[in-house]
Amino acid sequence: MLNTPVNIALSPDGSAVRIIDQTLLPGRLEYIDLRDRESMFEAIRSLRVRGAPAIGIFAAWCVYVLARDYGQEEFFARLDADCDGLISCRPTAVNLARQTNRMRALARSMAGQRVQAILDALAEEARAIREEDVAMCRAIAQAGLSLLREGDTVLTHCNAGPLATSEYGTGLGPLLLAAERGIEIKAFVDETRPLLQGARLTAWELMNAGIDCTLVCDNMAALAMKQGRIQAVLAGCDRMAANGDAANKIGTSGAAIIAKHYGVPVYILLPSSTIDLTCPTGADIPIEMRDGEEIRSLWYEKPMAPEGMKCWNPAFDVTDHELITAIVTEKGVIYPPYDVHLKNLFG
Ligand code: MRU
């Protein structure tokens with residue numbers, strides 16, 4: 001079994017959602033308890049909790065904790081307001097809306113029952129959402145590992161490890177499972193500008209697992225691939241369209257284009273909770289735009305651009321399905337044509 005800290009849980013007295021504050025890593029591993037809607041929304045927006053499956057699990061627990069405060073009369077009006085608020089925090093990862101709406105639909109299906117009965121069912125559902133993610137990540141790790149060989153070095157982008165999901169993660173799952181089995185697979189870790197999820201989080205997780213990993217700037221992938229240092233690109237996903245187009249952290253698409261040029265396979269690893277068959281193609285996936293300050297000054301002692309400099313800061317891009325060698329889900333490895341196979345497996 002993996003020894004990864006639990007990133008999201010109900011606090012022992014049930015009054016808060018307890019998370020690892022990912023903005024403090026790698027310097028400090030600190031838990032914070034979130035009790036009210038504003039601090040929950042802030043945690044999602046500021047990426048204290050982040051990663052597509054993780055924000056879905058978090059939102060599920062938030063729905064339960066917030067609902068503990070609703071009276072019988074006002075229950076569904078407040079539930080709708082809080083669910084809509086949670087969903088509006090970030091647009092790209094479909095897991096946030098999917099799991100929030102799953103909780104809302106469960107509560108609505110129990111309209112007329114005692115509040116306590118609804119609360120009990122909501123707590124059980126949130127627990128189930130996490131357990132399902134644990135099982136899916138384990139299956140993804142297993143299937144993903146079948147695509148790699150001992151001695152390979154993979155390129156990672158952003159963070160698709162336990163912090164972004166639960167236990168094994170998606171994109172990092174094969175690496176963590178390999179390490180557990182004594183199979184040596186190394187990683188080149190894209191730092192992932194502008195928020196550095198690779199440098200701060202993926203590097204932390206891989207080093208904790210004792211995996212040989214090397215940090216690179218995002219713009220070094222081409223040289224590394226040209227020199228034959230990378231045997232595969234492994235990435236997670238925030239929303240996959242029906243044709244296999246995959247929205248993931250900004251820069252994933254660039255890495256995939258370079259990989260195609262140098263004949264390096266690109267694997268996108270995701271649970272079915274991240275597949276959105278209502279989006280026909282990647283063009284239908286909303287792309288989150290973030291504050292330009294993240295580029296200008298966030299990680300620097302002094303601003304690194306002239307004052308007043310305009311910035312364009314999309315948080316995600318879409319990797320066209322033609323660039324993806326295989327998709328790995330809990331149901332195994334899927335090859336093109338993705339539209340046909342995704343519909344057959346998940347339609
Ligand atoms: O903005 P973030 O840090 O939430 O973006 C996360 C990613 O892009 C991950 O790669 C994605 O959620 C997959 S996580 C299993």
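Per residue, the chain exposes 42 Å² of solvent-accessible protein surface, assessed with a 1.4 angstrom probe and all protein chains in place. Annotation for region 272-347: GluC sites (Glu not before Pro) lying in DSSP loop with at most 14 further Cβ atoms inside 10 Å of their Cβ are GLU301, GLU307.
Binning all Cα-Cα separations of the chain at 20 Å, short to long from zero, yields these whole-percent fractions: 32, 58, 11, 0. Label sites at MET110 and ALA128, each approximated as a point 7 angstrom past Cα along Cα to Cβ, lie 1.1 nm apart. When each of the peptides 104-115, 164-175 is scored by how many other beta carbons lie within 10 Å of its residues on average, the order from highest to lowest is 164-175, 104-115. Listed by chain and number, the aspartates and glutamates whose C-alpha is less than 18 Å from the C-alpha of LYS302, apart from same-chain residues fewer than 8 away, are ASP291, GLU293, GLU294.
Subtracting the Cα-Cα distance of ILE183 and PHE76 from their residue separation scaled by 0.36 nm leaves 33.4 nm. For region 95-246, the share of DSSP beta bridges that are antiparallel, to the nearest 5, is 10%.
ASP212 sits among other residues whose Cβ lies under 10 Å from its own Cβ, and their net charge, with Lys and Arg +1 and Asp and Glu -1, is 0. Each principal axis of the Cα atoms in region 253-347 has its own extent, and those three values, largest first, are 52, 32, 21 angstrom. Solvent-free Debye calculation, one equal scatterer per alpha-carbon of region 141-346: log10 I(q)/I(0) at 0.11 Å⁻¹ equals -0.49. For region 146-242, the convex hull drawn through the C-alpha positions has a volume of 110 cubic angstrom per residue. Positive contributions from Lys and Arg (+1) and negative ones from Asp and Glu (-1), summed over other residues with Cβ under 12 Å from the Cβ of ALA246, come out at -4.
The fraction of accessible area contributed by carbon and sulfur in the chain is 53 percent, rounded to a whole number (1.4 Å probe; ligands and nucleic acids excluded).
Put a dot 7 Å past the Cα of ASP212, heading toward its Cβ, do the same for GLU293, and the two dots end up 4.3 nm apart. Built from the Cα atoms of region 8-137, the convex hull projects on average onto 7.6 nm², one quarter of its surface area. Only beta bridges with both residues in the chain are counted; by DSSP, about 50 percent of them are antiparallel. In this structure, the pairs whose alpha-carbon distance is over 31 Å, taken from LYS226/LYS331; LYS226/LYS249; LYS260/LYS331; LYS186/LYS331; LYS186/LYS260, are LYS226/LYS331.
Considering only alpha-carbon pairs that sit under 8 angstrom and 6 or more positions apart, the relative contact order computed for the chain is 16 percent.
Shown for region 73-117 is the translational diffusion coefficient from the Stokes-Einstein equation, using the Kirkwood radius over Cα pairs, a temperature of 10 °C and a viscosity of 1.306 mPa s: 142 µm²/s.
The values are calculated or read from the model by the stated rules, or taken from the named source; none is laboratory data. Predicted model, so just to flag it, every value in this text is computed and none were measured. Note that each Cβ is placed from the backbone with ideal geometry, even for glycine, and that neighbours are counted across all protein chains shown. SASA here: full protein model, heavy atoms, side chains in, ligands and nucleic acids out. Shrake-Rupley method; radii C 1.70, N 1.55, O 1.52, S 1.80 Å.
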